[in-house]
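Accompanying notes for the structure given below.
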Amino acid sequence: MPYGCSVPLREHGASRPPAALSAGERLVALSSIERLVVERTDPVLGRCRYVAVSETGHVGQPILFARRGEIFDATIENSLPQPTTVHFHGLAMPERQDGAGFDPIAPGGRKQVRFRVNNRSALYWFHAHPHALTAGQIYAGLHGLLVVTDEDDDAVDAALDLAPGNRLALALADARVSGGIILPYAPTADDCLRGWFGNRMLVNGTPDARRVVRPGWVRMQILNTCNAHGLCLAFRDEDALLPFHLLGTDGGLLSAPRELDRVFFHSAERVDVCINLAGRRTVTAVSLPFDPRHQVKGPAPRHMRATGEGYVSLAPAAVCEAGTGSDARYALPDGAELPIFTLSVRDMPARPSPSVPSRLSALPDSAADRAVASRRIRLDFDPQSGFVIDDTPYRVDEIAFSVNRGMREVWEIKNSPISSPHPMHVHGFGFRVLRRQGTYGDARGLRTESGSRLPTDLGVKDTVVVWPNETVTLAVDFSLPEQADFHGRQRYMLHCHNLEHEDAMMMRNFAVL
Ligand code: C2O
Ligand code: CU
Ligand code: CU
């Protein structure tokens, strides 16, 4: 069965959030939203936010939740001085609702958006996606979480016997922070090549994040929403790395949990993990040092920096023009060790912890054997055009290829040896990772699964990291829901989710007929 189709429609009222989900966060039911306002809150530093308006009031930077099958039906209002869109990353959407940048909302404009959540339970997210302005807007704060639940998800919480507050939804974004201030987005030519890296990690918008939890299992659904930073997540008590379980990835639960001491996930990828904190007091989540193998050298070609020109910037700072290098005071290199957040265990007598269930969900098979077409996709660096997919920089009006709906394809994405890691994302469709070949460096040590895959490759994915020199083979299922708004040709995108690469046109459109 495809990952996104045939779910019962839920018409009646908004669902409730998962009982264990930390209530300190700004939880809003997706289906209760009447207006979603996109606004700039600080014209000096260029900070922006989403405001969800419903019958019960206004919530800034909400964390949304929905039951599978629920409907979002709201007006998006753009109060920014720039065009914007709202893209719900990971959801199966008709083109008109996908927010993919084909029809940006002009400053002062609005758009009615209506869609049904067809996908499995998982952590999804929504973010700005106006072509060439995406990196600056997401860095400015225009990203949010959407927790989708269903019966499989309920069963996990119940089996782990999660205490109230012991389920967390976390968005991790690195930022350049100086004296408590988040510096505005102003990448140099070098930043545009490798990505905009920060010196501090923001968790749901704030640095030095700490969460107080109770003893027993803690379940965390975590999004990497860094512009360009890959994370090798581990949990530490003093010097010891604690074991944890990977429960799910971008598109929901695995069939069975996987015990790990670290998990790598790149920009836009998500992990769903649980860790037993019985007998612990303070646990730190860190990104362990690793070598990301940015093999590409030299400053970005000029065109990579020109696309955002002509728009008012969010903050009065130059974009992608000021010199080379990266400001070492505020930017740690990709792969440097970085503290992420702290879990403090409230002193309480622990109940005995149940064991992690051995089955989590019925993961649809990858159906690679029924695939009709094999498609090769090449990722390259060219000193004239920058990072390109099949030698072609993005053009809004181009369709790279077309696929018939309901078809399955096997894709081989091959990255050049003299390139950077590219977290490649497909709009609209979940896929499965079949194998990795040609992996070098630290990334080799992360391949603990069959087919030289990473643990995150075991689940349904919408974004997958392709290291320099690597070939990653995927099975993509192009089934679309039967709903009327999916009738007719639908355009989607394939792009790198390193946001500097994306804005520099490492993106192609494809059509589903
Ligand atoms: Cu997360 Cu094209 O998007
Ligand atoms: Cu997307
Ligand atoms: Cu890239």
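The values are calculated or read from the model by the stated rules, or taken from the named source; none is laboratory data. Please read these numbers as outputs of a predicted model, since none were measured by experiment. Every residue, glycine among them, receives a Cβ derived from its backbone with ideal geometry; neighbour counts consider all protein chains shown.
Before moving on, here are some points about what is shown:
- Matching residues in region 392-408 - criterion: being at pLDDT below 95 and among the acidic types (D, E): D397
- Neighbours by Cβ (under 6 Å, 6+ apart or cross-chain): first from region 485-513, more than 25 Å from T225 (Cβ to Cβ); second more than 11 Å from ligand 1 (Cβ to nearest atom) and of a type in the set (D, E): Q490/E95
- Taking region 25-49 as the range and being part of a strand (DSSP E or B) and under 22 Å from T206 (Cβ atoms) as the test, the residues that pass are L27, V28, L36, V37, V38, E39, R40, T41, D42, R47, C48, R49.
- Complete set of residues in region 50-68 that are outside any strand (DSSP E or B) and surrounded by 18 or more Cβ atoms within 10 Å (Cβ to Cβ): Q61, P62, R68
- Unique residue being farther than 30 Å from P383 by Cβ and within 16 Å of ligand 1 (Cβ to nearest atom) when the list is L223, L246: L223
- Test: residue in region 76-95 that is on the phi > 0 side of the Ramachandran plot, of a type in the set (G, A, S) and either in contact with a His (Cβ under 7 Å, 6 or more places away or on another chain) or surrounded by fewer than 22 Cβ atoms within 10 Å (Cβ to Cβ) (or both): no
- Some residue of region 128-147 being within 16 Å of ligand 2 (Cβ to nearest atom), part of a loop (DSSP other than H, G, I, E, B) and surrounded by fewer than 22 Cβ atoms within 10 Å (Cβ to Cβ): yes
- Every pair of residues 6+ apart whose Cβ atoms lie under 6 Å, when the first sits in region 184-197 and is in contact (Cβ under 8 Å) with a residue 12 or more places away in the chain and closer than 23 Å to T41 by Cα while the second is within 14 Å of ligand 3 (Cβ to nearest atom) and not in a loop (DSSP other than H, G, I, E, B): W196/E500
- Among the residues of region 208-226, those identified as more than 21 Å from Y139 (Cα to Cα) and assigned to a strand (DSSP E or B) are R210, R211, V212, V213, W217, V218, R219, M220.
- Subset tally (residues that are within 16 Å of ligand 2 (Cβ to nearest atom), outside any strand (DSSP E or B) and not small (G, A, S)) for region 227-252: 2
- Residue selected from region 66-82 under the condition touching a Ser or Thr at 6+ places or on another chain (Cβ under 7 Å) and not β-branched (V, I, T), by the criterion farthest from L168 (Cα to Cα): N78
- Index of the failed condition, E449 passing every other in (1) surrounded by 21 or more Cβ atoms within 10 Å (Cβ to Cβ); (2) farther than 20 Å from L223 by Cα; (3) acidic (D, E); (4) more than 16 Å from ligand 1 (Cβ to nearest atom): (1)
- Filtered residue count, region 112-127, keeping only those that are outside any loop (DSSP other than H, G, I, E, B) and either away from ligand 1 (no atom under 12 Å from the Cβ) or farther than 17 Å from L91 by Cβ (or both): 7
- Here R376 meets each of (1) at pLDDT 95 or above; (2) away from ligand 2 (no atom under 16 Å from the Cβ); (3) crowded, with 16+ Cβ neighbours inside 10 Å with one exception, condition (3).
- Taken together, V512, V476, V460, V466 contain a single residue that is aliphatic (A, V, I, L, M) and either over 26 Å from P94 (Cβ atoms) or within 16 Å of ligand 3 (Cβ to nearest atom) (or both), which is V466.
- Filtered residues of region 259-283 (kept if touching an Asp or Glu at 6+ places or on another chain (Cβ under 8 Å) and away from ligand 1 (no atom under 16 Å from the Cβ)): R280, R281, T282, V283
- Condition met for E337 (surrounded by fewer than 16 Cβ atoms within 10 Å (Cβ to Cβ), within 28 Å of G144 (Cβ to Cβ), modelled with pLDDT of 85 or more and not hydroxyl-bearing (S, T, Y)): yes
- Residues in region 197-207 that are in contact with an Asp or Glu (Cβ under 6 Å, 6 or more places away or on another chain) and in a loop (DSSP other than H, G, I, E, B): F197, G198.
- If you filter region 253-284 down to residues that are in a loop (DSSP other than H, G, I, E, B) and hydrophobic (A, V, I, L, M, F, W, C), you find that the one that is nearest to H89 (Cα to Cα) is A268.
- Hits in region 343-370 (condition: at pLDDT 75 or above, crowded, with 16+ Cβ neighbours inside 10 Å and not in a loop (DSSP other than H, G, I, E, B)): L343, V345
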